[in-house]
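S.K.: Below is the structure I would like to discuss, written out as C-alpha cells.
The values are calculated or read from the model by the stated rules, or taken from the named source; none is laboratory data. The structure displayed is predicted, hence computed values, not measured ones. FYI the Cβ positions are ideal-geometry reconstructions off the backbone, even for glycines, and counts take in every protein chain you see.
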Amino acid sequence: MMPRARVAQRGWGDRSLRDRLRVVRRFRAILAQSLEPVGAELAEVRRRPVAEVLTSELLPLLDACRFLERGAARVLAPRGAGIWGRPSWLVGARAEVRREPLGVVLVLGPGNYPLFLPACQVLQALVAGNTVVFKPAPGTSPVARRLAMLLAAAGLPEDGMQVAGESVEEARALLREGADKVVLTGSAETGRSVLSVLADSLTPATMELSGADLMVVRADADLRLAAGALAYGLTLNGGATCIAPRRVWVSNRVLAPFTQELRREFSTRETIHLEDGLAGRLRPLLAEAQHLGARLVTGRITEDSIAGPLVIADLPVASPLWHEPVFGPVALVTGYTHESEVVAFARESEWALGASIFSREEKAARRLADRLPVGVVTLNDVIVPTADPRLPFGGRRSSGFGRTRGLEGLLEMTASKVISVRRGTWRPHFGPANGLERWLPPILRVVHADGIRSRLAGLRELLKRIPVLGRERTPQPDSSGPLKPDPQTS
C-alpha cells in the first residue's frame, strides 16, 4: 500500500491547495445528501441510535469540512519574516516559512467514533497535500470503505486514500513499511506499542490516547446541571467516549445534595451492560474498592453481570481504581475542601486529556482551569464543546501528545521549510574574525545589558577600543639612537 500511496502523493501534492479544497467541498456536499444511509450504517456498526450518530459524528464532520474550506488557505500560506524584529547583523536578509506535505500519513482509527475522528485526520492530511493509508479498528471496515467511496466520488485520485485491513498484524506491517507520519487514536497501551515500532525509523507521530477526565463541582455550582452533565457523559456512546468525566471532585459543602441529584438523574437514564472483557478487568478492582469502604451511588454489580453507569463514592484516592483508565460508564466521586487538593491530583495523575468545571462564578472557575495541566477544559459543559472544528484536541502525559483538528492539527500534517534570501554584498562573516573578540563584547553589552548604567559602561568600553576615537596608534621605531645595521646587509 505504501508504494502506491507514494506514487499517488507526487501528483496530489503538486495540485494547488484550491484544487484539493474543491475535493473537500464536494465531499461535504455528497455527505450531506447521503446522511440517511451513512447514518444507518454508522448506527449498525456502533450499535447506537441513528439520532446519536447523526449528532456525534456526521454533524461535527460536516462542520470540520467547512472549517478547512474557509481556513486552510490562511493556515498553509507562506509566512514572510519581514524586517521587524530582524537582528541588526542580518541586514539585507529576508526569509519565508513554507508548509509542505509530509508524504504518506498512516491513520490508525478508533472503534468508538469510527467516522468522525479518523475522517477529520484524513481530511487534514489530504488538504495538506499528503496521501493517506487508513487502518480501521476491528469491526469498522464498512465505515472506512464508505469514507473512501465518498472521497472518490468527490474527485480524490486513485490511491489518494487506501483502506487497509483491520487486524493488528496488518497495522504492524504498515508501521514497518514506513509512513512519513502516524496518527493514532487509541489506548495508552496501544500507543506505547506503536511508538516502540516507530522508534527504529524515527517516524513522527500524533498520539490521541486514553483519558480518565476530571470533573470539578464547586460549591456554587448548579447541581442539577452538573449531575445531568455527568449522566450525559457516562451514557454517550455507551460510555465509550475518551473525554467523558470519570474522576469527579465535589466540594464537601455540596457533596450530599449532589449525590442525591445523581441518583435522581441516573434513574431516568439507560442501563448499560458492561462487556465481558471490561467487566472481567473491573471485578477485582471493584472488589477491592468495596473492601476499602466504597459505596455504589448508582449501577448494579452481581456475580453474573455489571450494569452501568456505575458511580462509586467514598473510595480513597490512593486506591488502584482511581488511577485506572476505565474506558466505560464508570465514575468515581470524592469530596474536597480546598481546590489545591484537586490541582495536586491533576498534576500527579498519569491521565491529562481534559477536565470540566461546574460553577456559577466564571472568574473563579477560570482561575481553577488555568491551574489544571490538561489538554482542554470546559466550563459548565462536557464533551460537546471539544467538537468545535476550530479547536485543537489532544492530551498530555499518558493521554498522548500532538494535536488533531483545529489549526494546530492541520499544521501537524505538514513539514516547515524556511527559504532565506540575502540581498546586497555586505557579508562581514565571510572575512577573517581577527579582532572580533575585542570589539564584539562591548557592542553586545550596549544592546543587551540590563539597565542604562550597564549599557553606558559598554558604550564607554566600545569607544575606547575604536582606534581613532581611542587614539590608539601603531608603535613607531625609536629614531633618537644610532641606526643598527641590518645583519643581512652588513
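S.K.: Hey, any hits in the range 389-398 for a residue that's out of contact with any Asp or Glu (no Cβ under 9 Å at 6 or more places or on another chain) and either acidic (D, E) or under 20 Å from G228 (Cβ atoms) (or both)?
M.R.: no
S.K.: Testing S56 on (1) farther than 17 Å from L410 by Cα; (2) at pLDDT 95 or above; (3) surrounded by fewer than 22 Cβ atoms within 10 Å (Cβ to Cβ), one condition comes back false. Which one is that?
M.R.: Evaluating S56 over (1) farther than 17 Å from L410 by Cα; (2) at pLDDT 95 or above; (3) surrounded by fewer than 22 Cβ atoms within 10 Å (Cβ to Cβ) leaves (3) as the failure.
S.K.: Within the set of pairs 6+ apart or on separate chains, which have a first residue in the range 136-157 that is without any contact (Cβ under 8 Å) to a residue 24 or more places away in the chain, a second that is of a type outside the set (F, W, Y), and C-beta atoms under 7 Å apart?
M.R.: Between residues of the range 136-157 that are without any contact (Cβ under 8 Å) to a residue 24 or more places away in the chain and residues that are of a type outside the set (F, W, Y), the close pairs are R145/V163; A148/M161; A148/V163.
S.K.: Of all residues in the range 300-312, how many are buried (at least 21 other Cβ atoms within 10 Å of the Cβ) and modelled with pLDDT of 90 or more?
M.R.: 5
S.K.: Only one of these is crowded, with 20+ Cβ neighbours inside 10 Å and within 29 Å of R20 (Cβ to Cβ): A152, A212, A171. Name it.
M.R.: A171
S.K.: Now for a separate question. Tell me the residue from S251, S210, S267 that is touching an Asp or Glu at 6+ places or on another chain (Cβ under 9 Å) and at pLDDT below 95, please.
M.R.: Of S251, S210, S267, the one residue that is touching an Asp or Glu at 6+ places or on another chain (Cβ under 9 Å) and at pLDDT below 95 is S210.
S.K.: Okay, moving on. Only one of E412, E461, E408, E437 is in contact with a helix residue (DSSP H, G or I) (Cβ under 6 Å, 6 or more places away or on another chain) and among the acidic types (D, E); which?
M.R.: When all the criteria are applied, what remains is E461.
S.K.: Just one of (1) at pLDDT 95 or above; (2) surrounded by 17 or more Cβ atoms within 10 Å (Cβ to Cβ); (3) within 18 Å of P245 (Cβ to Cβ); (4) not β-branched (V, I, T) trips up R396, so point out which.
M.R.: Just one mismatch for R396, condition (2).
S.K.: Okay, moving on. Would you check which residues across the range 432-453 are surrounded by fewer than 10 Cβ atoms within 10 Å (Cβ to Cβ), at pLDDT 85 or above and in a loop (DSSP other than H, G, I, E, B) and list them?
M.R.: Matches in the range 432-453: D450, G451.
S.K.: Hey, any hits in the range 415-426 for a residue that's without any contact (Cβ under 8 Å) to a residue 40 or more places away in the chain, in a helix (DSSP H, G or I) and either out of contact with any helix residue (DSSP H, G or I) (no Cβ under 7 Å at 6 or more places or on another chain) or not charged (D, E, K, R) (or both)?
M.R.: Taking every residue of the range 415-426 in turn, none turns out to be without any contact (Cβ under 8 Å) to a residue 40 or more places away in the chain, in a helix (DSSP H, G or I) and either out of contact with any helix residue (DSSP H, G or I) (no Cβ under 7 Å at 6 or more places or on another chain) or not charged (D, E, K, R) (or both).
S.K.: Just to check your reading of the model, which residue among R347, R390, R405, R366 is at pLDDT 95 or above, within 30 Å of V97 (Cα to Cα) and surrounded by fewer than 15 Cβ atoms within 10 Å (Cβ to Cβ)?
M.R.: That would be R390, the only listed residue that is at pLDDT 95 or above, within 30 Å of V97 (Cα to Cα) and surrounded by fewer than 15 Cβ atoms within 10 Å (Cβ to Cβ).
S.K.: Another question, then. Touching a residue at least 40 places away in the same chain (Cβ under 8 Å), assigned to a helix (DSSP H, G or I) and buried (at least 20 other Cβ atoms within 10 Å of the Cβ), is that true of L106?
M.R.: no
S.K.: Also: Quickly run through the range 32-53 and pick out the residues that are within 19 Å of L150 (Cα to Cα) and either β-branched (V, I, T) or surrounded by fewer than 17 Cβ atoms within 10 Å (Cβ to Cβ) (or both).
M.R.: Across the range 32-53, the qualifying residues are A32, Q33, S34, L35, E36, P37, V38, A40, E44, V45, V53.
S.K.: Under 7 Å between Cβ atoms, at least 6 apart or on separate chains: pull out the pairs that start in the range 189-214 with a residue that is farther than 19 Å from V168 by Cα and end on any residue that is assigned to a helix (DSSP H, G or I).
M.R.: These pairs meet every condition: L214/A346.
S.K.: Could you go through the range 225-246 and let me know if any residue there is farther than 23 Å from A43 by Cα, of a type in the set (A, V, I, L, M, F, W, C) and surrounded by fewer than 21 Cβ atoms within 10 Å (Cβ to Cβ).
M.R.: Checked against the condition, which is being farther than 23 Å from A43 by Cα, of a type in the set (A, V, I, L, M, F, W, C) and surrounded by fewer than 21 Cβ atoms within 10 Å (Cβ to Cβ), the range 225-246 yields at least one hit.
S.K.: Still on this structure, please answer the following. Going residue by residue through the range 323-337, is there one that turns out to be of a type in the set (D, E, K, R) and more than 24 Å from the chain's Cα centre (by Cα)?
M.R.: Within the range 323-337, none of the residues are of a type in the set (D, E, K, R) and more than 24 Å from the chain's Cα centre (by Cα).
S.K.: Condition first: surrounded by 14 or more Cβ atoms within 10 Å (Cβ to Cβ), in the same structural domain as V163 (by TED's automatic domain parsing), over 23 Å from the mean Cα position of the chain (by Cα) and modelled with pLDDT under 95. Can you find one or more residues in the range 74-92 that meet it?
M.R.: yes
S.K.: Now, a different point. Can you tell me which residue is farthest from V446 (Cα to Cα) among those in the range 49-93 that are charged (D, E, K, R) and without any contact (Cβ under 8 Å) to a residue 40 or more places away in the chain?
M.R.: Filtering first and then ranking leaves R70.
S.K.: Which one of the conditions (1) modelled with pLDDT of 85 or more; (2) closer than 21 Å to G435 by Cα does L456 fail to meet, given that it meets all the rest?
M.R.: For L456, the failing item is (2).
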